[in-house]
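See structure below.
Derivation of every value follows stated rules applied to the coordinates shown; laboratory data play no part. A quick note: this is a predicted structure, and the numbers were derived from the prediction, not measured. Cβ placement follows ideal geometry from the backbone for every residue including glycine, while neighbour counts extend to all protein chains displayed.
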């Protein structure tokens, strides 16, 4: 288990719209761009093997400083430890990141790497390094009933047996990561201060989707 003292001040970041990683959850990724292949190679040489997942954000009025065409980063991201990878015949990688802790971006680090790196602050998210989080307000039967309507409306499929048995943190975080929400909604789920708040945000997003993004009655 990584302790707070083991977390580096600077980490490589992977800006990927719509990709959400949460503590104690796993995110599979397909790495093929040369700069991110280099990022992966460099991360594997470090003791911590951490890569930060951060959502890029639109910048009104033009490009930010940095490489032409790059977007600025959201203030909050989540670092994952490289826990699995396999190489394809054409030199690409399928990797798995296991969520460790969220962080706040303090500044981007200028250097000679083809990928982006950031100076980060872990302190606001010390709770992420603890044990599994509970949600005292979670009612599984009501939640699954709402989820069933959402999956039917979106024509999604899942293993309902696993959902009925999953711990509440794993269930809420996995759905937050997997459901097809907009990047800004994913960011709201990431920044939720507690598991209960994340579940409430998730329910709000599902109900909004069932209304077709309007104030109409919920679809049956």
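Relative to the current alpha-carbon distance between residue 142 and residue 2, full extension at 0.36 nm per residue lengthens the span by 46.8 nm. Note on residue 165 and residue 42: the model spin-label points, each 7 Å out from Cα along the C-beta direction, lie 4.3 nm apart. Considering only 161, 148, 84, give the residue with the highest GNM mean-square fluctuation for the chain, with springs between Cα atoms whenever their separation is below 10 Å. Judging by the Gaussian network model, the answer is 161. Shape analysis of segment 14-152 yields a ratio of the Cα radius of gyration to the Kirkwood radius, Rg/Rh, of 1.02.
Under the 0.36 nm per residue contour assumption, what length would be gained going from the current alpha-carbon distance of residue 32 and residue 182 to full extension? If you can, show how the numbers build up before the last one.
On the way: separation 150, 0.36 × 150 = 54.00 nm, distance 2.37 nm.
Stretched fully, the residue 32-residue 182 segment lengthens by 51.6 nm.
For the chain, the relative contact order comes to 22 percent (Cα pairs under 8 Å, sequence separation of at least 6). Per the Debye calculation on segment 140-210 with a single equal scatterer at every Cα and no solvent contribution, log₁₀ I(q)/I(0) for q = 0.14, 0.25 Å⁻¹ amounts to -0.38, -1.32.
Which whole-angstrom value gives the distance between the alpha carbon centres of segment 155-190 and segment 1-46? Taking the Cα centre of each part, segment 155-190 and segment 1-46 sit 21 Å apart. Most tightly packed first, judged by the mean number of other beta-carbon atoms within 10 Å of their residues, the peptides 19-25, 205-211, 105-111 read 19-25, 205-211, 105-111. DSSP beta bridges confined to the chain are antiparallel in about 90 percent of cases.
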